[in-house]
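The values are calculated or read from the model by the stated rules, or taken from the named source; none is laboratory data. These numbers were taken from a predicted model, which means no experiment stands behind them. Cβ sites come from the backbone with ideal geometry, for glycine too, and all protein chains shown count toward neighbours. In case anyone asks, the SASA skips ligands and DNA or RNA and just uses the protein heavy atoms, side chains included. Shrake-Rupley method; radii C 1.70, N 1.55, O 1.52, S 1.80 Å.
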Amino acid sequence: MNTATPPNRYRIKPIDPRAHLFEVECIVDAPDPAGQVFRLPTWVPGSYLVREFARHFTAVRARCNGTTVPLTKLRKDTWRAAPCSGRLCVVATVYAFDQSVRTAYLDDRRGYFNGAAVFLCPDGRADAPCEVEIEAPELSAGADWRVATTLPALDAPPWGFGRYGAADYDALIDHPVELGHFALASFTAGGAPHDIAITGSQRADLERLAADLNRVCQWHVDLFEPDTHRAPFDRYLFQITAVADGYGGLEHRSSTSLICRRDELPAHGMETVGDDYLTLLGLASHEYFHAWNVKRIKPAAFVPYDLGTEGYTRLLWAFEGITSYYDDLALVRSGTIEPARYLELLGRAITTVLRGPGRHVQSVADSSFDAWIKYYRQDENTPNAVVSYYVKGSIVALALDLLLRVESGTSLDAVMRALWHRYGRKGEGVPEDGIEAITSEVARRDLREFFARYVHGTDDPPVAELLARVGVGFELRPSHGASDRGGKPGSGPVPRAALGAKVTGDMKIAHAYSGGAAEQAGLAAGDQIVAIDGIKATSELLRTRLERGPAGTGVRIHAFRRDELQERTVTLDEPAHDTCVLRLLDAPEAETAARRLAWLGS
Ligand SMILES: [Zn+2]
């Protein structure tokens, strides 16, 4: 902390939990004599959408030495206080009712905030140290609330209200704060204490969760620091909010905020790792890997962050895709799940990619660049026009890892360590061509063609051949499964025809896929299917019709578009072969078996 500069001081208080209102002050001791300007970020690092946090600022006013100072709004997110001498305090009422990990939330049961959504930054003082007083609500229900954050305490007791500090504004907004009641567990990994604070469930087997996360976290630390085995932070916090239905995570430098379903928390006496718990472990593993990849190894475009406008980079496929590759890989490599189970997850990821026609239209590099207007703003046309830099990025990472293993005798692990040494540890940003350059260097070969085809182009990475060379069989089965998302193979008879659309449980068309039967017949997203061949439409009826097939036969569909009834004859498509099933090949030759062992640890 820079002690020479007077700190920016903040105070945040839940003033009216039932109205979801925080009161937030920002105090500057020596304001700009020309009129101090204050800005609020428009986005939060890790979530690439302009969210306009200033929308929720109301009643913003300024005081100096006890008198009101005129405050002028200059832009959507910027205010200027009239010139004054002495201590200037800007105080705002902030509405907080977003139950996600990206903004702020407050009711009479809990509170949560990301600094980016509540703390103004005084212009010219982003590098000054910050102090923040976190006050308890007056509400009787909040009297015994506690505080979970990795902001370093100044005089606040452990898990308590009081004063916290940060080295600068960037640090201030990178330690989200949870207020309320939470269950706690802890463990040590990488030489640092790790805490888990869970809100919304008191019944989980915390010992089990701590033991599993301990193993996974240590694996990540060892990947980046095979010699010292030390984490790059003094402590780490998993802030978990368990809800009936929800999913999401946001990475921070020494913590992560996760939202999960209650079913995903491990139950006492649970012997195997079920699919639900596996989802939570994968999410926690993902965010923890980010403590290196994106929080410390960053695109140059984010050094420093400009939170007033979009931060453009074509590298999110590496920061999110490589992270998505390692999240489940860490589970198998750390011995938390079996290789066969890992291959199931990997098969589903490949299936998800293969079911998206948008992968032929957009590259993962372009998807990264346009995250702000496309991936983060999905609509009915998204599957046709957008590729996920997460999922396809993870498959590109897989292909790169396997290519390095079979052709160069090295691996993506070595690339990540090189990125960590060259950029992350030094606090330098990775230039736009930096991932390709460092990968080629580690591989000692020219990887231009790989990057041109699979990163900047729209070709499918050659994972089937590469997997064969590490002793894994790759098979594509007919499209089967309720969801085009999770990519999980379905059960029951395999359909003999396809509609070329995603239809929801209430028989509404969510997506009509490019060139598919539904689109060709004139059906569109939003259409409400009411009858199939003259019979009342249900999911069951549609499923049995597609099972009967065959492709090429016609189906008469009645559907409402808005309030107009339409009749269409759909000529059914062939079902695509896009369900990927992977398996460990029996008795591979010695070299292949050795590669597989090095890759999967089995
Ligand atoms: Zn991520």
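Computed with every protein chain present, the accessible area of TRP145 is close to 10 Å² [probe 1.4 Å]. Taking amide hydrogens as placed 1.01 Å from N in the peptide plane, the amide H of ALA576 sits under 5 Å from those of SER479, each at least 5 positions away in sequence or on another chain. Residue by residue, region 496-512 carries 3J(HN,Hα) couplings of 9, 8, 9, 8, x, 8, 9, 10, 7, x, 8, 6, 9, 7, 7, 9, 9 Hz when phi is fed to the Karplus relation 6.51 cos²θ - 1.76 cosθ + 1.60 (θ = phi - 60°); x denotes Gly or Pro. The magnitude of the dipole of the chain, with charges of +1 and -1 set on the Cβ of Lys/Arg and Asp/Glu and taken from the Cα centre, is near 660 debye. Rounded to the nearest whole Hz, the Karplus-based 3J(HN,Hα) values (6.51 cos²θ - 1.76 cosθ + 1.60, θ = phi - 60°) of region 79-90 follow the sequence 10, 10, 8, 4, x, 7, 10, x, 6, 9, 10, 9, with x at glycine and proline. In this structure the amide hydrogen of THR241, modeled in the peptide plane, comes within under 5 Å of the amide hydrogens of THR199, LEU258, ILE259, CYS260, none closer than 5 places in sequence on its chain. Here LEU419 sits with roughly 0 square angstrom of accessible surface, probe radius 1.4 Å.
Remark: spin-label model distance TRP372-SER440 equals 2.9 nm, labels positioned 7 Å along the Cα→Cβ axis. Karplus-derived 3J(HN,Hα) values for region 132-143, using 6.51 cos²θ - 1.76 cosθ + 1.60 with θ = phi - 60°, are 9, 9, 9, 9, 7, x, 7, 3, 4, 5, x, 4 Hz; glycine and proline are entered as x. Protein-only accessible surface at a 1.4 angstrom probe places the residues PHE161, PHE22 in the order PHE161, PHE22, largest first. Residues whose amide H lies under 5 Å from that of ALA156, counting only those 5 or more places away or on a different chain, are ARG163; hydrogens are built 1.01 Å from N in the peptide plane.
Electrostatic tally near ARG18: other residues with Cβ closer than 14 Å to its Cβ, Lys and Arg +1, Asp and Glu -1, net -2. Any chance you could give the angle, 0 to 90 degrees and rounded to 10, that helix 339-354 forms with the longest Cα principal axis of the chain? Roughly 90 degrees, rounded to the nearest 10. The angle between the Cα long axis of helix 275-290 and the longest principal axis of the Cα atoms of the chain comes to about 50 degrees, rounded to the nearest 10.
Using C-alpha pairs under 8 Å with a sequence gap of at least 6, the mean separation divided by the residue count of region 38-148 gives a relative contact order of 26 percent.
Is region 158-214 best put as rounded, prolate or oblate by its Cα gyration tensor, with a ≥ b ≥ c the root eigenvalues, rounded for a/c under 1.5, and otherwise prolate when a/b is larger than b/c, oblate when not? Oblate, since a/c reaches 1.5 and b/c is not below a/b. The helix-only estimate of mean residue ellipticity at 222 nm for the chain, built from DSSP H runs of length n ≥ 4 each weighted as -39500 (n - 2.57), is -7000 deg cm²/dmol after division by the residue total.
For a label point 7 angstrom out from the Cα of ASP108 toward its Cβ, which stretches of region 6-21 have the backbone nitrogen within less than 11 Å? Under 11 Å, as judged by backbone N against the label point of ASP108, lie 17-19 of region 6-21. Each residue was assigned an accessible area with a 1.4 Å probe, and for THR309 the value is about 60 Å². Can you list the residues of region 509-547 with backbone N under 11 Å from a point 7 Å past the Cα of ARG556, pointing along Cα to Cβ? Correct set: 532-535.
As a ratio to 2.2 N^0.38 Å, the alpha-carbon radius of gyration for the chain is 1.04. Legend: calculated FRET efficiency, ASP155 to ALA211, from the Cβ-Cβ distance at R0 = 41 Å, rounded to 0.05, equals 0.75. Other residues within the sphere of radius under 14 Å centred on the Cβ of GLU441, judged by their own Cβ, net out at +2 (K and R +1, D and E -1). Let me know the shape class of region 1-52, please: from the alpha-carbon gyration tensor, a ≥ b ≥ c as square roots of the eigenvalues, rounded when a/c is under 1.5, otherwise prolate if a/b is greater than b/c, or oblate. Cα axes put region 1-52 in the oblate bin. Relative contact order for region 58-112: 30 percent, from Cα pairs under 8 Å spaced at least 6 residues apart, divided by residue count.
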